[in-house]
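Working notes, structure below.
Here, each number is a calculation from the coordinates, and none is a lab measurement. Worth saying up front: this structure is predicted, and the values here are computed from it rather than measured. When we count neighbours, we look across all protein chains shown, and the Cβ atoms used for this are built from the backbone with ideal geometry, even at glycine.
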Amino acid sequence: MFEIIGERINTSRKLVQAAVSHRDSDYIIDDVKKQQAAGATFIDVNAGARIGHEEEDMRWLLDTIQPVCEIPLALDSPDPAILEMAFAMVEKPPMINSISLEKERFDAMMPFLNAKDCKVIALCMDDAGMPESAGDILARAKTLVEELNKIGIPTANIYVDPLVQPISTDSNKGVMVLDAVRAIKAEFPEVHITGGLSNISYGLPERHIINRTFVTLMMDAGMDSAIIDPLDNKIMSTIRTADMLLGHDQFCMKYLKCVRSGTIKS
Ligand code: THG
């Protein structure tokens with residue numbers, strides 16, 4: 001089943017930033033409940049946008065969210081110290097978002113993740129920057145899986161983020177990531193593939209139709225999770241329908257249930 005990492009609790013979103021700065025717990029609780037009701041399987045928590053406040057904002061968000069959250073959290077920060085602090089606060093084994101091959105981050109994250117019970121998003125990023133070919137993405141994914149396996153993180157707990165890049169800058173960027181996902185899944189059938197989708201449409205008009213079409217193609221290639229807004233009914237309807245068409249919904253039960261509850265609409 002496709003996993004939905006709900007992206008809404010992110011201080012880069014204006015209303016969330018306002019709620020966090022005013023310590024408006026009702027707003028945050030209501031948003032988390034809505035994401036759960038819409039079918040999120042993880043709630044991403046990112047407190048990075050108020051410079052100099054990430055630690056206290058992350059603590060407050062975790063204290064606010066956990067009492068009403070029945071699903072695990074995805075702790076989202078580039079800063080290993082924030083992730084370590086947040087990991088110590090959570091009650092359920094979380095998803096760590098994220099680790100990459102950037103040396104400073106990698107060297108700090110590996111000892112901390114050693115033998116931990118958690119899921120890990122592994123970004124195909126290194127000190128040379130964004131990947132430039134499908135082979136580049138595969139090579140980085142391979143290194144990440146092998147290194148994480150060595151410290152006791154099983155492949156089934158690894159979510160590779162191949163890093164989607166704007167198609168407006170290079171018309172090959174869609175095929176590049178689709179080919180990479182197929183190659184990663186061929187080499188590591190148990191690994192999960194995740195990521196944000198909206199970068200694909202950056203710089204183009206009518207972005208939502210691009211994002212929705214792209215997620216369908218990515219699912220055929222092997223993507224089985226994404227960081228999205230679960231309250232966006234159109235992308236959720238697309239994902240659930242594609243999941244059924246790809247044979248991941250026995251007897252179309254989930255599709256039918258979602259139609260009946262009004263969460264899938266044409
Ligand atoms: N991969 C991984 N983690 C990620 C990303 C990724 N975490 C952050 C991001 N990308 C995914 N999360 C969000 C959260 C919110 C928004 C987009 C991505 C969002 N942005 C509005 C915009 O850009 O227009 C903000 C508008 C507002 O103020 O509300 O909503 O790729 N591993």
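Note on ASP26/GLU206: beta-carbon distance plugged into 1/(1 + (r/R0)^6) with R0 of 51 Å gives a FRET efficiency of 0.90.
As a proxy for reagent exposure, ranking SER171, SER77, SER237, SER21 by other Cβ atoms within 10 Å from fewest up yields SER171, SER21, SER237, SER77.
Taken as Cα centroids, region 220-264 and region 132-182 sit 23 Å apart, rounded to the nearest whole angstrom. Where the centroid of each part is defined by its Cα atoms, how far is region 81-117 from region 1-47 in Å? For region 81-117 versus region 1-47, the Cα centre distance is 21 Å.
Projected label points at MET253 and THR213, each 7 Å from Cα along the beta carbon direction, are separated by 3.5 nanometres. Contact order, relative form, for region 119-166: 56 percent (alpha carbon pairs under 8 Å, 6 or more residues apart, mean separation divided by residue count). In straight-distance terms, cross-link reach from LYS119 covers every one of the lysines whose alpha-carbon lies under 28 Å from its own, apart from those fewer than eight places away in the same chain; here that gives LYS33, LYS34, LYS92, LYS103, LYS142, LYS150, LYS173, LYS185, LYS234, LYS254.
Given R0 = 35 Å, the distance between the Cβ atoms of ASN233 and LYS92 translates into a calculated FRET efficiency of 0.80. Note on ILE151 and ASN114: their simple-model spin labels are 0.9 nm apart, each label 7 Å out from Cα toward Cβ.
Shown here for region 163-266: GluC sites (Glu not before Pro) in loop regions (DSSP other than H, G, I, E, B) with at most 10 other Cβ atoms within 10 Å, namely GLU206.
For region 130-266, the relative contact order works out to 20 percent when only alpha carbon pairs closer than 8 Å and six or more residues apart are counted.
Take every Cα pair under 8 Å whose residues are at least 6 apart in sequence, average their separation, divide by the length of the chain, and the relative contact order is 17 percent.
Each Lys or Arg adds one and each Asp or Glu subtracts one; over the other residues with Cβ under 11 Å from the Cβ of TYR159, this totals -2. Using only the Cα atoms of the chain, each taken as one equal point scatterer with no solvent, compute I(q) by the Debye sum, divide by I(0), and report log10 of the ratio at q = 0.07, 0.09 Å⁻¹. Cα-only, vacuum Debye calculation for the chain: -0.24, -0.40.
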